[in-house]
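These notes are about the structure you will find just below.
The values are calculated or read from the model by the stated rules, or taken from the named source; none is laboratory data. In this text the structure is predicted, and so the values were computed from the model without any measurement. Cβ coordinates were reconstructed from backbone atoms using ideal geometry, including for glycine residues, and neighbour counts include every protein chain displayed.
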Amino acid sequence: MKKAVSRVYLALIYLFLYAPILLLVVFSFNDTDTKSRTVWSGFSLRWYEMLFQDRMLLQALTNTLIIAVSAAIGATLLGTLAAIGISSMKSWRKKVVMNITNLPMLNPEIVTGVSLMLLLVFLANLFGVQLGIGSVILAHITFCLPYVILSVLPKLRQMDPNLYEAAQDLGCTPLRSFFKVVLPEILPGVITGMVMSFTLSLDDFIISYFCSGTTQTLPVFIYSMTKKRVSPEINALSTILFAVILVLLLLINVRTGKVGGRKGKEAQEF
């Protein structure tokens, strides 16, 4: 009886989580007009064709991808270096820094968006520039940093701290030791942090809305469409984005599983 209840409960959870996405994918192939987009009228690829003809939507998508990739790279580089520095701190200092690092994740996003907007407007007026794609990238790097740090720190804890010193004893320079010994050990955490930063930046609306200036990202563009109409093109675009993220996550999981299996086999042989 307990197993049956738990299975039903699990099925309801999965249904609640993935039914909206399934409907989104199905209706992206719906051959209907914009007024009756929730009624199935037949299979068609018309909305995918129209998607690649909408210049404004494609420009918003291009801006979003540029921002997401730039923010992911910037947050990953800074977050990895920060995690290495935090891991080498003493216990009480590490606790203080981690509490400060975790604060942006607990802070309401609208507060983060408004505060970043005020800072970026001040800097823009100071240097005589306007808010745009650069300001959004800086804002996204800021709120993505804690996620990279939290992804890399566990891998640093799992690593044998003597490996870095052993590599230098064998003739490696500190920089070469990092790339030959430390980076391969923490690489799964680095990749996880980069993927999280990419998806968070891709999805963000509130911070982008406050810090984008004249630049439109995809979430801001969709929000502006809701005031007039929401075209089924959005279903097609959302389906493509979902498929890309899903494939990316599957590739990362497969690669991580292979690395873990290889390390486990080496440990057994040893």
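Please count how many residues of region 89-122 are surrounded by 11 or more Cβ atoms within 10 Å (Cβ to Cβ), among the small types (Gly, Ala, Ser) and without any contact (Cβ under 8 Å) to a residue 12 or more places away in the chain.
Counting residues in region 89-122 that are surrounded by 11 or more Cβ atoms within 10 Å (Cβ to Cβ), among the small types (Gly, Ala, Ser) and without any contact (Cβ under 8 Å) to a residue 12 or more places away in the chain gives 1.
Being farther than 18 Å from Thr76 by Cα and either touching a strand residue (DSSP E or B) at 6+ places or on another chain (Cβ under 6 Å) or free of Cβ contacts under 8 Å to residues at least 40 places away in the same chain (or both) is the filter here, so list the residues in region 125-147 that pass it.
Asn125, Leu126, Phe127, Gly128, Val129
Return the pairs, sorted by first residue and then second, in which the second residue is of a type in the set (Ser, Thr, Tyr) and surrounded by 13 or more Cβ atoms within 10 Å (Cβ to Cβ), the first residue lies in region 156-167 and is more than 11 Å from Phe178 (Cα to Cα), the beta carbons are less than 6 Å apart, and the residues are 6+ apart or on different chains.
Leu156/Ser87
If Pro20 passes every condition in (1) farther than 23 Å from Leu187 by Cα; (2) touching a helix residue (DSSP H, G or I) at 6+ places or on another chain (Cβ under 7 Å) but one, which one does it miss?
Failing condition for Pro20: (2).
Restricting the search to region 105-156, which residues are of a type in the set (Gly, Ala, Ser) and touching a Cys at 6+ places or on another chain (Cβ under 9 Å)? It would help to see each step written out before you state the result.
Taking region 105-156 first, the residues of a type in the set (Gly, Ala, Ser) are 113, 115, 124, 128, 132, 134-135, 139, 151.
Of everything in region 105-156, those that are of a type in the set (Gly, Ala, Ser) and touching a Cys at 6+ places or on another chain (Cβ under 9 Å) turn out to be Gly113, Ser135, Ala139.
Take Asn63 and tell me if it is surrounded by 15 or more Cβ atoms within 10 Å (Cβ to Cβ), part of a helix (DSSP H, G or I), assigned by TED's automatic domain parsing to the domain that holds Thr192 and not basic (Lys, Arg). Show your work before the answer.
On the way: surrounded by 15 or more Cβ atoms within 10 Å (Cβ to Cβ): yes; part of a helix (DSSP H, G or I): yes; assigned by TED's automatic domain parsing to the domain that holds Thr192: yes; not basic (Lys, Arg): yes.
Against the criterion (surrounded by 15 or more Cβ atoms within 10 Å (Cβ to Cβ), part of a helix (DSSP H, G or I), assigned by TED's automatic domain parsing to the domain that holds Thr192 and not basic (Lys, Arg)), Asn63 qualifies.
I'd like to check something: does region 184-193 contain any residue that is over 13 Å from the mean Cα position of the chain (by Cα), free of Cβ contacts under 8 Å to residues at least 12 places away in the same chain and surrounded by fewer than 15 Cβ atoms within 10 Å (Cβ to Cβ)?
Scanning region 184-193 turns up at least one residue that is over 13 Å from the mean Cα position of the chain (by Cα), free of Cβ contacts under 8 Å to residues at least 12 places away in the same chain and surrounded by fewer than 15 Cβ atoms within 10 Å (Cβ to Cβ).
If we keep just the residues of region 204-250 that are charged (D, E, K, R) and either surrounded by 13 or more Cβ atoms within 10 Å (Cβ to Cβ) or assigned to a helix (DSSP H, G or I) (or both), which is farthest from the chain's Cα centre (by Cα)?
It comes out as Glu233.
Considering every residue within region 171-178, establish whether at least one is among the basic types (Lys, Arg), assigned by TED's automatic domain parsing to the domain that holds Leu81, assigned to a helix (DSSP H, G or I) and modelled with pLDDT under 85.
The answer is yes, given that some residue of region 171-178 is among the basic types (Lys, Arg), assigned by TED's automatic domain parsing to the domain that holds Leu81, assigned to a helix (DSSP H, G or I) and modelled with pLDDT under 85.
Does Ser197 fit the bill of being under 14 Å from Ser87 (Cα atoms), part of a helix (DSSP H, G or I), assigned by TED's automatic domain parsing to the domain that holds Phe242 and within 17 Å of the chain's Cα centre (by Cα)?
So Ser197 fails the test.
Restricting to region 132-170, what's the tally of residues that are assigned to a helix (DSSP H, G or I), farther than 16 Å from Glu185 by Cβ and more than 19 Å from the chain's Cα centre (by Cα)?
1
Please work out if Thr80 is surrounded by 14 or more Cβ atoms within 10 Å (Cβ to Cβ) and either outside the structural domain of Leu218 (by TED's automatic domain parsing) or outside any helix (DSSP H, G or I) (or both).
Here the answer is no, as Thr80 does not meet what is asked.
Please work out which residue is modelled with the lowest pLDDT, limiting yourself to region 8-59 and to residues that are in a loop (DSSP other than H, G, I, E, B) and of a type in the set (Phe, Trp, Tyr). Show your work before the answer.
Narrowing region 8-59 to residues in a loop (DSSP other than H, G, I, E, B): 28-29, 31-42, 44-45, 52-54.
Among the residues that remain, those that are also of a type in the set (Phe, Trp, Tyr) are: 29, 40, 52.
Details: Phe29: 84, Trp40: 72, Phe52: 82.
Only one residue tops the list, namely Trp40.
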